[in-house]
């Protein structure tokens, strides 16, 4: 759970671009068609398959595939940057039950770098954002959407926080 | 296959499946951000998973098993 300060507001939440998970989703969809290849082969080898038993095993298989897709979405959804008026919270979801949460205050930001790697990234408007803070490690979000908007937002609020102090 | 053995395997599978789903949902409830569309995706997934579980249960009793 994220606890905000008394005057703190969430400005933006950034999940990775959908391109980050499209490979896994396509892989699961392709695996979904695997029984349609295996079933005719089993019949060819003389293994008796009734409609009821085939359907039963396909439903079980479908449940596992859909659970896999749900896990892919959960990992994608929980990997997030939350930009508030005071800080940026970087939640790095490494695997389903493995996450790392770090945060940095906006007034300590020294440099924001965006990297749009290649043609696809340019067309789909995603890229990597690296934020360098004073005396701390740099923070990077890979394959973030709206990189220019995010950079402007971070820099605007960073200047605002620095001017207020 | 023997009906009782198949039933035990089926129940163990379902128990493991739903325990895993419950763990994910608990994890999501802890870390879900307020006011976003995540609830829609969770409800859609649960609806599909429950429907498939019910269909599989009905189909289980149509399997050619020895009693």
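What is the helix-to-structure angle for A:34-44, meaning the angle in degrees between its Cα long axis and the longest Cα principal axis of chain A, kept from 0 to 90 and rounded to the nearest 10?
Long axis of A:34-44 versus the principal axis of chain A: about 10 degrees.
Using a simple spin-label model with points 7 Å from Cα along the Cα→Cβ vector, what separation in nm is obtained for residue B:47 and residue A:22?
2.7
From the square roots a ≥ b ≥ c of the eigenvalues of the alpha-carbon gyration tensor of chain A, which class results: rounded (a/c under 1.5), prolate (a/b over b/c), or oblate? Write out the running numbers ahead of the final one.
Details: a/c = 4.22, a/b = 2.69, b/c = 1.57.
Since a/c reaches 1.5 and a/b is larger than b/c, the shape of chain A is classed as prolate.
Using the alpha-carbon atoms, what tilt in degrees (0 to 90, nearest 10) does helix A:51-78 show relative to the longest principal axis of chain A?
Taking the Cα atoms of chain A, the angle to A:51-78 is about 10 degrees.
Taking R0 as 30 Å, what FRET efficiency do you get between residue A:96 and residue A:55 from their Cβ-Cβ distance, rounded to the nearest 0.05?
Working: r = 30 Å, r/R0 = 0.99.
Efficiency at R0 = 30 Å is approximately 0.50.
What value, in deg cm²/dmol to 500, does the helix sum -39500 (n - 2.57) over DSSP H runs of n ≥ 4 give at 222 nm once divided by the residues of the protein assembly as shown?
Details: 7 runs with 129 residues, N = 232.
Roughly -19000 deg cm²/dmol at 222 nm, from the helical runs in the protein assembly as shown.
Any idea how far apart residue A:155 and residue B:27 come out in nm if each label point goes 7 Å out from Cα toward Cβ?
Between residue A:155 and residue B:27, the simple spin-label model gives 3.8 nm.
For chain A, take the longest principal axis of its alpha carbons; what is the angle in degrees between that and the long axis of helix A:19-32, to the nearest 10 within 0 to 90?
10
Does anything in region A:1-42 have its amide N under 20 Å from the 7 Å Cα→Cβ label point of residue B:36, and if so which residues?
Backbone N within reach: A:1-5, A:8-25.
What shape does chain B take by its C-alpha gyration tensor, where a ≥ b ≥ c are the square roots of the eigenvalues and a/c under 1.5 counts as rounded, a/b above b/c as prolate, and the rest as oblate?
On the way: a/c = 7.88, a/b = 2.49, b/c = 3.16.
It is oblate, given that a/c is not under 1.5 and a/b is not larger than b/c.
Have a look at A:64, A:141, A:47 and tell me which one the Gaussian network model of chain A (Cα, springs below 10 Å) gives the largest fluctuation.
Maximum fluctuation in the GNM of chain A, among the listed residues, is at A:47.
I'm a student and want to see the number: the projected area of the Cα convex hull of region A:104-165, averaged over all directions, in nm².
Details: hull surface 16.0 nm².
Average of the hull's projected areas for region A:104-165 equals 4.0 nm².
May I ask you to derive the FRET efficiency for residue A:125 and residue A:32 from their Cβ-Cβ distance with R0 = 25 Å, giving the value to the nearest 0.05?
Details: r = 30 Å, r/R0 = 1.19.
The value I calculate is 0.25.
Values in this text are rule-based calculations from the coordinates and carry no lab data. Predicted, not measured: the structure shown is a model, and the values here were computed from it. Cβ coordinates were reconstructed from backbone atoms using ideal geometry, including for glycine residues, and neighbour counts include every protein chain displayed.
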